[in-house]
Amino acid sequence: MGNCCSDSGGGMTAVGGTAAPTTAGSPNQAVDLFLKSRGFLGLFSQIELSFSASDLRDRDVLSKSDPMLVVYTKARDGAVTEVCRTEVVLNSLSPAWITKYTITYQFEVVQTLQFRIYDVDTQFHNADVKMLKLEEQQFLGEATCTLSEIVTKPNRSLTLELVRREDSITSTRPQHRGKLTVHAEECINSKTTTELILRCSDLEYKDLFSRNDPFLVISKIMEGGMPIPVCKTEVLKNEMKPEWKPVFLNIQQVGSKDSPLIIECFNFNNNGKHDLIGKVQKSLSDLEKLHSSGQGEYLSLPTAVGHNYHSKILKSQLFVDKFSECVQYTFLDYLAGGFELNFMVAVDFTASNGNPRLPDSLHYIDPSGRPNAYQRAILEVGEVLQFYDTDKRFPAWGFGARPIDGPVSHCFNLNGSSTYCEVEGIHGIMTAYTSALFNVSLAGPTLFGPVISHAAQIAGQSLANRGQKYFILLIITILDADKGERLESSSGRVASRDIVQFVPLKDLQSKTIFYIK
């Protein structure tokens, strides 16, 4: 407990367990830490990957192959990093490896994995697999996929065809090299979170000239009896009958509902040497019973008598004013239940984008193939979301343009059809967007209403049909009401407040993660 603080206020803030985390490398990491501080599972999931193969090529003369799997991650720039090697399975063409690989699943990142299988030569069987030189082993085949492809499968298992790189050079059809199955499991022991409101009565005075400044520390007991703190309350100033803000404990944090917990009440001191007022030892099950009965539990204080210690029972009591449990389902649980995301996109074709035939236009199609701002936004967001839609048919619209021989339209199908708005995959969106640039005249004004209405209608129909879909509408524009200009309706009504958050692509395009607010 003994971190010294230069001032009382700062010290109390440091002790308090309900303050938001102060260290985070990104907005998403801050959200992850905040959720964990409240006893929830956090934004990022830990995924354990298991591996098995079948029908591998036999490269040994007198016996079957002795396969080992090597796992790599592949960055957006193509750089490949080795992250895991399994053990060697002797004499097997259908191995199931024991070694697992744990990876942090991040929804907003396309996490590419590469797998290579080698037949390990007999002379290296007694060597540590980490020391093996792969170029000295026989290469059997490889496969590539994204983590999203694995976790979106109903059983979280994905089977991949193994290929050899030289096959693609010498033949248009890669030869059969066997199959690799990758299975994902979410590393969560418990999804149950408990919310507690704790208070104490009749605390004993620890300060000579003032009341106590109490706070609680909740610890779990490890093997050997060592306590490990898992939660703290805030410091309440000048309180003898304190009632703290809710604390949240995940069952995984404490071990089980019947695992013993030590709840200690301290009096805050600015020098970091906090006075123990009293403590109790209870499990979550015990605390639930206290709440149900409405009774309190007397605090005790260890007291030395000669060379022995005994617990002195105090008049102070601990009460549980609230005890509730909730199950927090993760995003991957919803996917396993058949839940899908549906991506929809609308592109701004107003004249404020500039002449598409000039290089300074946001719609300029570079002959070199370099994507413009609109194409980058479609790719950045679409490449992430496409894995969560089984049919990969995406509604795509344009707004603020005049089709050939027609009036200005604030919602037209990007594919040029008058009857349907969907296109096939992200490539379909890109193709339809490029085609539309040559078939419309940029106009104005910038109106979102018709596009939002069409998107809401599609989502409403899905809801009426009991579809398990979450719809995401990406509107790509250059409009930003954060600069002081309020949004305005077609009738001239100005928005009373800024209710739209715009994400500037130019500030984020160089980063690994593309954030959607």
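Couple of notes before you dig in:
- The listed residue being farther than 20 Å from Leu261 by Cα and open to solvent by less than 50 Å² (accessible area, probe 1.4 Å), out of Gln317, Gln328: Gln328
- Scanning the range 71-105 for residues that are buried (at least 16 other Cβ atoms within 10 Å of the Cβ) and touching a Phe, Trp or Tyr at 6+ places or on another chain (Cβ under 6 Å) yields Val71, Cys84, Thr86, Trp97.
- Meets criteria (closer than 30 Å to Leu335 by Cα, in contact with a Leu (Cβ under 6 Å, 6 or more places away or on another chain) and either modelled with pLDDT under 90 or not hydrophobic (A, V, I, L, M, F, W, C) (or both)) for Thr159: no
- Residue that is modelled with the lowest pLDDT, among those in the range 355-399 that are β-branched (Val, Ile, Thr) and more than 15 Å from Ile475 (Cβ to Cβ): Thr390
- A single entry from Gly449, Gly425, Gly398, Gly369 fulfils the requirement of being over 30 Å from the mean Cα position of the chain (by Cα) and on the phi > 0 side of the Ramachandran plot: Gly369.
- A Cβ distance below 6 Å, combined with a sequence gap of six or more or placement on separate chains, defines the contacts here; from the range 95-107, residues that are of a type in the set (Gly, Ala, Ser) reach residues that are part of a strand (DSSP E or B) and at pLDDT 95 or above in the pairs Ala96/Ser52.
- Among (1) farther than 24 Å from Glu288 by Cβ; (2) in contact with an Asp or Glu (Cβ under 7 Å, 6 or more places away or on another chain); (3) among the aliphatic types (A, V, I, L, M) - the single one Val217 does not satisfy: (1)
- Pair list, Cβ < 7 Å and 6+ apart or interchain, from the range 114-140 residues that are over 12 Å from Val88 (Cβ atoms) and open to solvent by less than 90 Å² (accessible area, probe 1.4 Å) to residues that are in a strand (DSSP E or B) and among the hydroxyl-bearing types (Ser, Thr, Tyr): Gln114/Tyr72; Gln114/Thr144; Leu134/Tyr118; Gln138/Tyr118; Phe139/Tyr118; Leu140/Tyr118
- Taken together, the residues in the range 191-225 that are under 24 Å from Gln328 (Cα atoms) and either open to solvent by less than 20 Å² (accessible area, probe 1.4 Å) or touching a Pro at 6+ places or on another chain (Cβ under 8 Å) (or both) amount to 9.
The values are calculated or read from the model by the stated rules, or taken from the named source; none is laboratory data. Being a predicted model, the structure only gives us computed values, none of them experimental. Counting neighbours? That spans all protein chains shown, and the Cβs are built from the backbone with ideal geometry, glycine included. Areas reflect the complete protein model, heavy atoms only, side chains present, ligands, DNA and RNA absent. Shrake-Rupley method; radii C 1.70, N 1.55, O 1.52, S 1.80 Å.
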